[in-house]
Amino acid sequence: MRAHGIATCFFACGTALACASPPRGDAAATAVPSGADPALAAFIERIRAVDNHTHANSVDPGDRDFDALPLDGLGAFEVPAPLGPDSPAWLAAYKALYGYPHSDLADAHMNELRSTMQRIAKEKGDTFPLWVLDQVGVDVLLANRIAMGPGLAPPRVRWVSYADALLLPLSTKAEAATTPDRAKLFPLEDALLKRYLTDLHLTKLPATLDAYLKAVVTPTLEAQQKGGCVAVKFEAAYLRTLDFDETPAATANRIYAQYAGGGEPSHADYKALQDFLFRYIAREAGRLGMAVHVHAFEGAGNFFRTAGADPLLLEPVFNDPALRATNFVIVHGGGVFSAHAAAMLWKPNVFVDTSAMTLLYTPDHLASVLKEWLSQFPNKVLFGSDASAFGPDLGWELTAWMGARNSRMALALALTDMIRSGDIDHARAEEIASMVMRTNAGKLYRLDLK
Ligand SMILES: [Zn+2]
């Protein structure tokens, strides 16, 4: 079967789920959430979606490129109930995707299911990801990965690369010591920067910042764009706070030159250099026509610093006139800071997606978030799932299905409410649903949607 390289930029169950007993429950999916207008729900069900954020696996059984910071190395941590081992959502996904006929997950039944999963994976071969997209009603899927892989190719699968490693050319030893989780995550970024250097046939860092920008940062971004990237992603909130200040070039030059050859920069110096590099990368991404995705959510991990993931911290970046040619997406909608994300939608170049919230929030909860966003900036909201593999028997296709289903349900609830309170009519509700599920992303990434 395919890789069960666990997890995601976001919450990775790691040991939490992989080692847990199989899920149990008997609730099947309901297409129409109670309280939603059935005609509107049926309309939404038929929209061929664009999924703004996933960690889809390639068909390589050893795939490890699905995330720059796979969290399976962090050890066990709490996973919210909707994705916990006892969540009925897993059983519903088995039924929907694999025609699983049972209402329990007894060993004999699970063995049957495994043979079905293996048979379909084998039959579909390289077309397995496209089969998944067809099952979940997704036309185009953005795959946030270090690199694409077999079975993942345009036009239906588009690449979103990672840019955090480029922020970290100096020793990360002191930064890594700030939390037990970061001690495990920073070495992964160090390894990724080495990989980027190797791709450029470089064996060591240039001696000056100017040379680093010209010989490493820009060529890496250009290669990603040439490779089909529609956006670059920052998982920076796992590593630091999102307040990327303006650093004078002379300061950044000094810090880089002082430590590029070795030594430990102070936190203040390293932050200043990272801040400079973030804005440089964001500007270059804009020049190359790639959006910038930023993780903003409450987790994951045992030591995640949520206050540093508040999208309000990005306001100075969003307000930088030099960055107005760059489009930004607040990935995971800011989570508990969803109202702050809404405030950022005033900026002409800022968007928000629903990924992870679609898996971790109930449809009712997500509907209330959506209502706030959609009543103000319906042209800035994108559907995303954060589909990822969660371990043995828990492939990315299951969360792709859950994310799409929950998102459609939440959207139907939110728009029904808006119709009932007289904010919009049925025709406008259908229009907004199409925008969120499909056309907003189509425009943002200039996808040639039929
Ligand atoms: Zn993710």
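In angstrom, the C-alpha Rg and Dmax of the range 305-450 are 15.4, 48. The order of Y361, Y162, going from fewest to most other C-beta atoms within 10 Å of their C-beta, is Y361, Y162.
Full-extension gain between D126 and D104, please, as 0.36 nm times their residue separation minus the C-alpha to C-alpha distance.
Numbers: separation 22, 0.36 × 22 = 7.92 nm, distance 3.08 nm.
Contour length minus the Cα-Cα distance gives 4.8 nm.
Computed packing ranks the peptides 164-172, 405-413 as 405-413, 164-172, most packed first, by mean other Cβ atoms within 10 Å. Helix 363-374 axis versus longest C-alpha principal axis of the chain: approximately 60°, rounded to the nearest ten.
Any idea what % of Cα-Cα pairs in the range 78-151 are farther than 14 Å? Spell out each step's value before the answer.
Working: 1890 of 2701 pairs.
That tail contains 70 percent of the Cα-Cα pairs.
Placing +1 on the Cβ of every Lys and Arg and -1 on the Cβ of every Asp and Glu, with nothing else charged, gives the range 101-233 a dipole about its Cα centre of roughly 360 debye. Taken along its three principal axes, the alpha carbon spread of the range 349-393 comes to 41, 26, 9 Å, from the longest extent down to the shortest. Sequence gap at least 6, Cα distance under 8 Å: using those rules, report the relative contact order of the chain to the nearest whole percent. Contact order relative to length: 22 percent. Look at the alpha carbon pairs under 8 Å that are at least 6 residues apart: their mean separation over the length of the range 251-356 gives a relative contact order of 24 percent. For K194, the lysines whose Cα falls under 30 Å of its own Cα, not counting residues fewer than eight places away in the same chain, are K173, K184, K204, K214, K226, K233, K271. Using C-alpha pairs under 8 Å with a sequence gap of at least 6, the mean separation divided by the residue count of the range 41-142 gives a relative contact order of 50 percent. Anisotropy class assigned to the range 113-209 is prolate, per the alpha carbon gyration tensor with a/c at or over the 1.5 cut-off and a/b larger than b/c.
Note on the range 111-164: dipole from Cβ charges, positive end direction compared against V157, Q118, A143; the farthest Cα belongs to Q118.
Residue ranges 206-217, 307-318, 229-240 sort as 229-240, 307-318, 206-217 when ordered by packing (mean number of other C-beta atoms within 10 Å per residue, highest first). Just so you know, the Cα atoms of the range 370-442 work out to an Rg and Dmax of 14.0, 47 Å. With the alpha-carbon atoms of the chain aligned to their principal axes, the span from lowest to highest coordinate is 63, 52, 38 Å, starting with the largest.
Note on the range 191-268: Rg/Rh from Cα positions, Kirkwood definition for Rh, rounded to two decimals, is 0.97.
Coordinate-derived values only; no laboratory data. It should be emphasised that the depicted structure is a prediction, and the values quoted were computed from it without experimental measurement. Here Cβ is always computed from backbone atoms with ideal geometry, including for glycine, and neighbour counts include all displayed protein chains.
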